[in-house]
Amino acid sequence: METFSTQSPPTSRVGASLGPLLAELTEIRRDIHRHPELSYKEHRTTDLIVARLAQAGLVPRRLEGTGVFVDIGQGPLRLGLRADIDALPIIEETGLPYESASTGVTHACGHDIHTTVMLGVALVLVELDAETPLPGTVRVIFQPAEEMMPGGAIDVIAQGVLEGLPRILALHCDPRIDVGLVGTRIGAITSASDTIRVELSGRGGHTSRPHLTEDLVFALASIAVNVPAVLSRRIDVRSAVSVVWGQIHAGSAPNAIPAHGFMSGTLRCLDGEAWESAGELLDRAVREVAAPFGVDVKLEHIRGVPPVVNQEAETGLLEAAARAELGAGAVVLTPQSMGGEDFAWMTQQVPGAMMRLGTRTPGGETYDLHRGDYVPDERAIACGIRVMAAAALQAVLGRDH
């Protein structure tokens with residue numbers, strides 16, 4: 001495996017423009033990291049992005065509430081680039097000098113890196129456009145609320161930001177991939193994801209006389225075990241349907257059957273059509289499994305996001321840019337993720353692709369996303385900018401086919 005270098009190849013137009021900006025962009029990333037904001041509350045982050053884009057001579061346009069987009073170049077729209085800007089309700093445990101100043105909120109998913117990369121791409125492209133006008137326009141979108149289902153991407157689409165875009169690209173930090181490498185694949189790269197909450201109520205009573213109660217603890221246990229089993233036999237296993245429960249709460253004493261209880265979890269699936277049918281089947285299975293126990297069922301099923309499906313042409317655009325900027329061995333096949341990602345709503349509207357941006361220091365610790373101690377290698381910022389800006393140049397110059 002080749003070792004990642006911060007030096008751009010001599011032929012790279014991106015590298016020459018990026019070099020003077022990199023120290024500033026690293027500080028911007030740390031500032032965003034220190035001041036994380038939850039979904040739909042990203043006011044400071046939006047203001048920071050708007051101010052820096054305006055300073056570069058661009059005309060950013062704010063979205064309703066939070067978020068912003070900006071166009072760079074001349075002529076028709078050729079490409080959209082999307083970053084997500086929100087943080088998570090997680091306590092940070094990194095001990096970094098720029099650790100989150102907001103208690104219980106942190107960028108544990110790398111959105112501070114995503115935002116900085118796309119801001120850097122915009123700044124590089126505006127400089128290149130000033131030198132030689134780009135014969136096409138790139139739209140960079142800073143989207144709010146990716147972490148809140150069904151996702152802020154829906155609001156971006158509703159505001160018409162994707163209209164006229166022929167294709168769109170995005171990236172996501174991956175702490176399992178070394179910095180200097182990117183992960184791609186054609187087809188579903190992420191999973192559909194729903195949230196499920198089941199509340200049961202019934203007559204409680206003494207555990208010595210369960211026949212005089214509606215034993216909802218037994219009912220909850222039956223739902224937990226049997227509903228996933230039903231789906232595994234009614235849905236094609238190749239669609240990778242997965243139901244996993246994260247919470248079960250009921251009762252306060254070992255000898256008392258409670259009158260109320262609840263459970264919640266997620267439904268995930270790698271196939272869009274199977275996702276639709278699995279959701280309907282799950283709802284029916286919950287009620288049918290609970291029925292013999294005589295409990296009252298309140299089911300809340302929040303439809304989340306479909307899978308992100310990478311198209312071949314857009315995946316090829318990313319791969320060509322990565323190899324040109326980072327080296328012939330820079331692209332690795334990434335496994336499908338069972339995580340949800342609201343960029344999927346955009347790829348349902350416009351052909352697109354998402355790549356995985358390596359953030360692991362070679363030989364260093366392998367983290368997982370949504371961990372309070374996640375520390376990405378900041379060299380990934382330069383890597384992401386180089387790949388995304390190069391892909392944008394290929395798109396506007398018509399050199400990706």
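The values are calculated or read from the model by the stated rules, or taken from the named source; none is laboratory data. It should be emphasised that the depicted structure is a prediction, and the values quoted were computed from it without experimental measurement. As a convention, Cβ positions derive from the backbone with ideal geometry for all residues, glycine included, and neighbour counts pool all protein chains shown. With ligands, DNA and RNA removed, areas are computed over all heavy atoms of the protein, side chains included. Shrake-Rupley method; radii C 1.70, N 1.55, O 1.52, S 1.80 Å.
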Next on the checklist: Exactly one of these conditions fails for PRO135: (1) open to solvent by 10 Å² or more (accessible area, probe 1.4 Å); (2) outside any loop (DSSP other than H, G, I, E, B). Give me its number.
Outcome noted: (2)
Checklist entry - In segment 338-381, which residues are closer than 25 Å to ILE186 by Cβ, of a type in the set (Phe, Trp, Tyr) and either open to solvent by 40 Å² or more (accessible area, probe 1.4 Å) or more than 13 Å from the chain's Cα centre (by Cα) (or both)? => result TRP345
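Output the residue which, of all residues in segment 179-203 that are more than 35 Å from the chain's Cα centre (by Cα) and either surrounded by fewer than 20 Cβ atoms within 10 Å (Cβ to Cβ) or not small (Gly, Ala, Ser) (or both), is farthest from GLY304 (Cα to Cα).
First, pick out the residues of segment 179-203 that are more than 35 Å from the chain's Cα centre (by Cα): 201-203.
Within this subset, residues satisfying the condition of being either surrounded by fewer than 20 Cβ atoms within 10 Å (Cβ to Cβ) or not small (Gly, Ala, Ser) (or both) are 201, 203.
Values: SER201: 26, ARG203: 33 Å.
The extreme case among them is ARG203.
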Next on the checklist: Return the residues of segment 71-122 that are open to solvent by 10 Å² or more (accessible area, probe 1.4 Å), among the aliphatic types (A, V, I, L, M) and more than 15 Å from the chain's Cα centre (by Cα); say none if nothing qualifies.
Outcome noted: LEU77, ILE90, ILE91, LEU96, ALA101, VAL105
Item to check | Long-range neighbours under 9 Å by Cβ, at least six apart or interchain, first residue polar (S, T, N, Q) within segment 305-329, second assigned to a helix (DSSP H, G or I) | outcome: ASN310/LEU318; ASN310/THR347; GLN311/THR347
Next on the checklist: If I go through segment 1-11 residue by residue, how many of them are crowded, with 17+ Cβ neighbours inside 10 Å and either out of contact with any strand residue (DSSP E or B) (no Cβ under 8 Å at 6 or more places or on another chain) or modelled with pLDDT of 95 or more (or both)?
Outcome noted: 1
Checklist entry - Going through segment 152-164 one residue at a time, which ones are of a type in the set (A, V, I, L, M, F, W, C) and buried (at least 20 other Cβ atoms within 10 Å of the Cβ)? => result ALA153, VAL156, VAL161, LEU162
Next on the checklist: Here are the criteria: (1) open to solvent by 20 Å² or more (accessible area, probe 1.4 Å); (2) out of contact with any strand residue (DSSP E or B) (no Cβ under 6 Å at 6 or more places or on another chain); (3) over 22 Å from VAL126 (Cα atoms). Tell me which single one ALA54 does not satisfy.
Outcome noted: (3)
Checklist entry - Taking strands (runs of 3 or more DSSP E) that fall entirely within segment 221-337, which contain at least 1 residues that are open to solvent by 20 Å² or more (accessible area, probe 1.4 Å) and farther than 30 Å from GLY15 by Cβ? => result 242-250, 260-269, 296-305
Checklist entry - Does ALA23 satisfy the condition of being open to solvent by 20 Å² or more (accessible area, probe 1.4 Å), among the hydrophobic types (A, V, I, L, M, F, W, C), at pLDDT 95 or above and closer than 19 Å to ARG386 by Cβ? => result yes
Checklist entry - What is the number of the single condition among (1) under 21 Å from the mean Cα position of the chain (by Cα); (2) open to solvent by less than 70 Å² (accessible area, probe 1.4 Å) that ARG30 does not meet? => result (2)
